[in-house]
Amino acid sequence: MKKSILIILCILLLVISISFYFNNNVGSAIQLVAKNTKINNAALVYRVYVFGIFALAKAVFEPVTIEDFGGRRVYHLQLKAAALDIFQKYLKLEALLDSYVDMDTGNPVYFKQKVISPGGEAKDKEVVYDQENLVMTIRGERRQIMPDTKDPLSAIYQIRRMNLDNLKELEMNINTNQKNYILKGAVVKKDVLMGKDKFELFVADAGIRRRDKNLYHQSKLNISLINHNKENIPILVKVFASGFYVSAKLVEIK
């Protein structure tokens, strides 16, 4: 009996290890980017894993559009996420994020977020940024912000458009919830050989913490990006927060 349990545990451990390896290996994502000739401004589809093992959701960065917003030209960034179809009957989990980014400054002027939790209740958030006066408004309250403050979507979009070749350190101000956060970390360039092809892989490993240095509000972000047609394509995103680990891997371009 004990021997059977031990064998089952060993098999389970092996399956988990293999799953973790493939879910966090960038090789297939690099090949996906390399063979796609129309990746610029395409929809990027990611599979979201809990603890890097269990596939739970799908997230899609929609193609960027140019629109008029409040009398200025903006980039409209949009991310849609939902539980995988197999879980939809049991887990109602959806999120829709929109960011409107000033084309001249690269800073957001408006951010909104809608999240439908497992209980089916929708939670909305809207943030208006006055970057010139360093003020943001959320739920009717005005808060001071740092210069060039980003929301999560505009932060990732800026990283996608950066020249990372000579960048050793990444630093950004982020605020969508009344408190000012700083994202700061190192950027490392690696040459990846796959067959006869060589690819530039950039890995940004950053910490995210509150400006007031509150020790209970810290997380880590690790992003792997491939430079393709002068754009940095995120192929693997890892987030560590409060003992929880979530990763998102690029699985489709459309």
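The values are calculated or read from the model by the stated rules, or taken from the named source; none is laboratory data. Just so we're clear, the structure is a prediction, and the values are computed from it rather than from any experiment. FYI the Cβ positions are ideal-geometry reconstructions off the backbone, even for glycines, and counts take in every protein chain you see.
Is it the case that some residue within the range 147-154 is at negative phi, in contact with a Lys or Arg (Cβ under 8 Å, 6 or more places away or on another chain) and assigned to a strand (DSSP E or B)? Break it down into steps so the answer makes sense when it comes.
Step one: filter the range 147-154 for residues at negative phi, giving 147, 149-154.
Okay, now just the ones that are also in contact with a Lys or Arg (Cβ under 8 Å, 6 or more places away or on another chain), so none.
No, the range 147-154 contains no residue that is at negative phi, in contact with a Lys or Arg (Cβ under 8 Å, 6 or more places away or on another chain) and assigned to a strand (DSSP E or B).
Restricting to the range 170-221, what's the tally of residues that are more than 26 Å from residue 27 (Cα to Cα), in contact with a Leu (Cβ under 9 Å, 6 or more places away or on another chain) and of a type in the set (D, E, K, R)?
The qualifying residues number 3.
Among the residues of the range 53-93, what is the count of those that are more than 27 Å from residue 105 (Cα to Cα) and either among the polar types (S, T, N, Q) or part of a helix (DSSP H, G or I) (or both)?
Total satisfying the criteria: 4.
Go over the candidates 184, 189, 179 one by one and state the one that is farther than 26 Å from residue 41 by Cβ and outside any loop (DSSP other than H, G, I, E, B). Let's see the steps before the verdict.
Details: 189 fails: farther than 26 Å from residue 41 by Cβ; 179 fails: outside any loop (DSSP other than H, G, I, E, B).
Exactly one residue qualifies, and that residue is 184.
Among residues belonging to the range 97-115 that are of a type in the set (A, V, I, L, M, F, W, C) and surrounded by fewer than 16 Cβ atoms within 10 Å (Cβ to Cβ), point out the one that is modelled with the highest pLDDT. Give the derivation first.
At the first step, the residues of the range 97-115 found to be of a type in the set (A, V, I, L, M, F, W, C) are 97, 101, 103, 109, 111, 115.
The next check asks that each one be surrounded by fewer than 16 Cβ atoms within 10 Å (Cβ to Cβ); those that pass are 103, 115.
Details: 103: 96, 115: 89.
Only one residue tops the list, namely 103.
Surrounded by 18 or more Cβ atoms within 10 Å (Cβ to Cβ), touching a residue at least 24 places away in the same chain (Cβ under 8 Å) and not hydroxyl-bearing (Ser, Thr, Tyr) - does that describe any residue in the range 120-129? Quick ask: steps written out before the conclusion?
Filtering the range 120-129 down to residues surrounded by 18 or more Cβ atoms within 10 Å (Cβ to Cβ) leaves 127, 129.
When the remaining residues are screened for being touching a residue at least 24 places away in the same chain (Cβ under 8 Å), the result is 127.
Adding the requirement that they be not hydroxyl-bearing (Ser, Thr, Tyr) leaves 127.
Checked the range 120-129: at least one residue is surrounded by 18 or more Cβ atoms within 10 Å (Cβ to Cβ), touching a residue at least 24 places away in the same chain (Cβ under 8 Å) and not hydroxyl-bearing (Ser, Thr, Tyr).
Pull out all pairs, ordered by first then second residue, where Cβ-Cβ is under 6 Å, the residues are six or more apart or on different chains, the first lies in the range 76-91 and is within 17 Å of residue 117 (Cβ to Cβ), and the second is part of a strand (DSSP E or B) and β-branched (Val, Ile, Thr).
So the pair list comes out as 80/60.
Only one residue in 92, 80 is surrounded by 13 or more Cβ atoms within 10 Å (Cβ to Cβ), within 30 Å of residue 38 (Cα to Cα) and either modelled with pLDDT of 95 or more or not hydrophobic (A, V, I, L, M, F, W, C) (or both). Which one? Reasoning before the result, please.
Working: 92 fails: within 30 Å of residue 38 (Cα to Cα).
From the options 92, 80, the qualifying one is 80.
Any chance the range 65-72 includes a residue that's under 19 Å from residue 152 (Cβ atoms), exposed (fewer than 14 other Cβ atoms within 10 Å of the Cβ) and modelled with pLDDT of 90 or more?
Our first condition is that a residue be under 19 Å from residue 152 (Cβ atoms); within the range 65-72, this holds for 65, 69.
From what is left, the residues that are exposed (fewer than 14 other Cβ atoms within 10 Å of the Cβ) are 65.
Narrowing further to those that are modelled with pLDDT of 90 or more: 65.
Yes: one or more hits.
If you go through the range 155-168 one residue at a time, how many are over 10 Å from the mean Cα position of the chain (by Cα) and assigned to a helix (DSSP H, G or I)?
From the range 155-168, those over 10 Å from the mean Cα position of the chain (by Cα) are 158-168; that's our starting set.
From what is left, the residues that are assigned to a helix (DSSP H, G or I) are 158-161.
Counting residues in the range 155-168 that are over 10 Å from the mean Cα position of the chain (by Cα) and assigned to a helix (DSSP H, G or I) gives 4.
Among 236, 170, which is closer than 25 Å to residue 103 by Cβ and of a type in the set (A, V, I, L, M)? Quick ask: steps written out before the conclusion?
On the way: 236 fails: closer than 25 Å to residue 103 by Cβ.
Just one listed residue meets the conditions, 170.
Give, as residue ranges, the strands (runs of 3 or more DSSP E) completely inside the range 200-254 that count at least 2 residues that are over 14 Å from the mean Cα position of the chain (by Cα). Break it down stepwise before answering.
Working: elements: 218-228, 231-241, 244-253.
Counting at least 2 such residues, we get 218-228, 244-253.
How about the range 226-254: which of its residues are surrounded by 21 or more Cβ atoms within 10 Å (Cβ to Cβ) and basic (Lys, Arg)?
Across the range 226-254, the qualifying residue is only 249.
On the given criteria, is residue 75 under 11 Å from residue 248 (Cβ atoms) and surrounded by 16 or more Cβ atoms within 10 Å (Cβ to Cβ)? Lay out the reasoning, then the answer.
Numbers: under 11 Å from residue 248 (Cβ atoms): no; surrounded by 16 or more Cβ atoms within 10 Å (Cβ to Cβ): yes.
Taking the combined requirement at face value, the residue does not satisfy it.
Working only within the range 220-254, note down all residues that are small (Gly, Ala, Ser), more than 27 Å from residue 64 (Cα to Cα) and modelled with pLDDT of 90 or more.
To start, the set of residues in the range 220-254 that are small (Gly, Ala, Ser) comprises 224, 241-243, 247-248.
Add one more test, that the residue is more than 27 Å from residue 64 (Cα to Cα), and what stays is 241-243.
Matches in the range 220-254: none.
Given 66, 53, which one is without any contact (Cβ under 8 Å) to a residue 40 or more places away in the chain and in contact with a helix residue (DSSP H, G or I) (Cβ under 8 Å, 6 or more places away or on another chain)? Break it down stepwise before answering.
Numbers: 66 fails: in contact with a helix residue (DSSP H, G or I) (Cβ under 8 Å, 6 or more places away or on another chain).
Only one candidate passes the filter, namely 53.
Which ones in the range 43-73 are among the basic types (Lys, Arg) and under 19 Å from the mean Cα position of the chain (by Cα)? Steps first, answer last, please.
Looking only at the range 43-73, we keep the residues that are among the basic types (Lys, Arg), and these are 47, 58, 72-73.
Scanning the range 43-73 gives 47, 58.
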